[in-house]
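The values are calculated or read from the model by the stated rules, or taken from the named source; none is laboratory data. Small disclaimer: the values here were computed from a predicted structure and weren't measured. Cβ placement follows ideal geometry from the backbone for every residue including glycine, while neighbour counts extend to all protein chains displayed. Calculation scope for accessible area: heavy atoms of the full protein, side chains included, ligands and nucleic acids excluded. Shrake-Rupley method; radii C 1.70, N 1.55, O 1.52, S 1.80 Å.
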Amino acid sequence: MAVDPARDVIAFGERLLALLDQGSFVATYKYAVLVGLMDLCLEKADRHGVAPDSVTTRQLAEKVIELYWPQTAEFRGRTLKQNSGRQARILSGIIAFREALPDPSVPLQRARREAPARFERLARDVEWTLILMPLPRLQVVGGHTVSLVYEIGWDVSIERSRREVREQQRTGRGSFDNQIRFLPSVGDHLVKLNGLLRPLIHRAWTAMVAQLNDLDESRLERFLFGVDRVQLAAVRPGLTDLQHGRCFYCQSRVLRDAEVDHFIPWARYPDNGIENLVVADKRCNAAKRDFLAAAPHVGNWRRRNESRLTALAELAREAEWERHPEDTLGVARSLYLRLPAVTRLWCGGTEFANADPARLREILG
Ligand SMILES: [Zn+2]
């Protein structure tokens, strides 16, 4: 069967966005790496406009420095954090390089000219950080590597091979293979989707920086699009009773740690209807985050909504809570019934399973 190229490129875009959602990252590196790879695909196109099959870690390192350069200038009198703990290593490296310049506010091209030896050290250090951290981790979802964008010849155990990487950096030879190889047609997809993906990635990147630095933008976004956690307390006791005091996902007893969870994650579709709410213990709620739950949970959820229809209606009436069971089911169908089979769905804790389209059709049909 011929693959419809339009569908193919859209499927790729959706999976890439899912990867951005799901990868657990404490720094903004995943954004920098993806935008960097996209830029390189555009810049290194051959004379027929065909994107390259691979780029080197060094090329990516220079690109990433370029992306972070304006971001390491002062914003309202301070440098912004791009990591949840200490400043991200790549950024602190760039900031230190900048601060040692006679004029830290110069453009990158001039800084490179003024301090070539120090820039070389910075580039090698950034390259090493990319090799070590985001490159082998970017495509890991729920403990598994999902090769969607590229393949590389190493994994996280590269940490022990710093010497080989140094050797390659110094001589351009040696046992370390510095190629980031794009999967078939990925370079082409990235070029085609550039206009759509870039603003989305910029938006997500901005939101993360705003949140890490507690800027007004993040408060504004929470205000405009966030969920009102305080309000949810009103339906918690009723929902807990409905589940016989047990966590919806792991069935363990919830005592004071009961939390109301949006079964269809708020980040996917903001549905506050009572049918979309379940009670989970702290552990499960924290582990589920913005993931879609796996088929067995979907089955339990559908069953609960059917068998406790009257009780849910009653609860909504008492709490003056919103309720639109048909719409809620419609959203679940829209999201679940078009998932590619390779999508990783959350089972519990750190466990994930591939989506099972046949099973999901049966449950939600
Ligand atoms: Zn639980």
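Figures for the structure shown
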{"quantity": "Odd one out for residue 314, checked against (1) in a loop (DSSP other than H, G, I, E, B); (2) under 15 Å from residue 240 (Cα atoms); (3) not aliphatic (A, V, I, L, M)", "calculated": "(1)"}
{"quantity": "Leading residue by the ranking (nearest to the chain's Cα centre (by Cα)) among those in the range 155-176 that are of a type in the set (Val, Ile, Thr) and open to solvent by 50 Å² or more (accessible area, probe 1.4 Å)", "calculated": "156"}
{"quantity": "Which numbered condition residue 342 misses (of (1) in contact with a helix residue (DSSP H, G or I) (Cβ under 8 Å, 6 or more places away or on another chain); (2) modelled with pLDDT of 95 or more; (3) among the β-branched types (Val, Ile, Thr))", "calculated": "(2)"}
{"quantity": "Residue 141 being closer than 21 Å to residue 160 by Cα and outside the structural domain of residue 290 (by TED's automatic domain parsing)", "calculated": "no"}
{"quantity": "Failed item, numbered, when residue 287 is tested on (1) within 16 Å of the ligand (Cβ to nearest atom); (2) outside any helix (DSSP H, G or I); (3) among the aliphatic types (A, V, I, L, M); (4) at pLDDT below 95", "calculated": "(2)"}
{"quantity": "Helices (runs of 4 or more DSSP H) enclosed by the range 33-125 - at least 2 residues per element that are closer than 26 Å to residue 212 by Cα", "calculated": "57-68, 89-99"}
{"quantity": "Residues located in the range 323-348, provided they are outside any helix (DSSP H, G or I), loosely packed, with under 14 Cβ neighbours inside 10 Å and not hydrophobic (A, V, I, L, M, F, W, C)", "calculated": "338, 340"}
{"quantity": "Selection count, the range 177-196, where residues are modelled with pLDDT of 90 or more and open to solvent by 80 Å² or more (accessible area, probe 1.4 Å)", "calculated": "2"}
{"quantity": "Extreme residue, nearest to residue 201 (Cα to Cα), among residues of the range 38-48 that are in contact (Cβ under 8 Å) with a residue 40 or more places away in the chain and open to solvent by 30 Å² or more (accessible area, probe 1.4 Å)", "calculated": "42"}
{"quantity": "For residue 241: the one exception among (1) assigned to a helix (DSSP H, G or I); (2) under 21 Å from residue 21 (Cα atoms); (3) out of contact with any Cys (no Cβ under 9 Å at 6 or more places or on another chain); (4) among the charged types (D, E, K, R)", "calculated": "(2)"}
{"quantity": "Where a residue in the range 353-364 is assigned to a loop (DSSP other than H, G, I, E, B) and its partner, wherever it lies, is buried (at least 17 other Cβ atoms within 10 Å of the Cβ), with Cβ under 6 Å and at least six apart", "calculated": "355/339; 355/343; 355/345; 356/295"}
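Yes/no matrix, rows are residues, columns are (1) touching an Asp or Glu at 6+ places or on another chain (Cβ under 6 Å); (2) of a type in the set (Ser, Thr, Tyr); (3) within 16 Å of the ligand (Cβ to nearest atom):
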{"site": "226", "(1), (2), (3)": "no, no, no"}
{"site": "254", "(1), (2), (3)": "yes, no, yes"}
{"site": "258", "(1), (2), (3)": "no, no, yes"}
{"site": "292", "(1), (2), (3)": "no, no, no"}
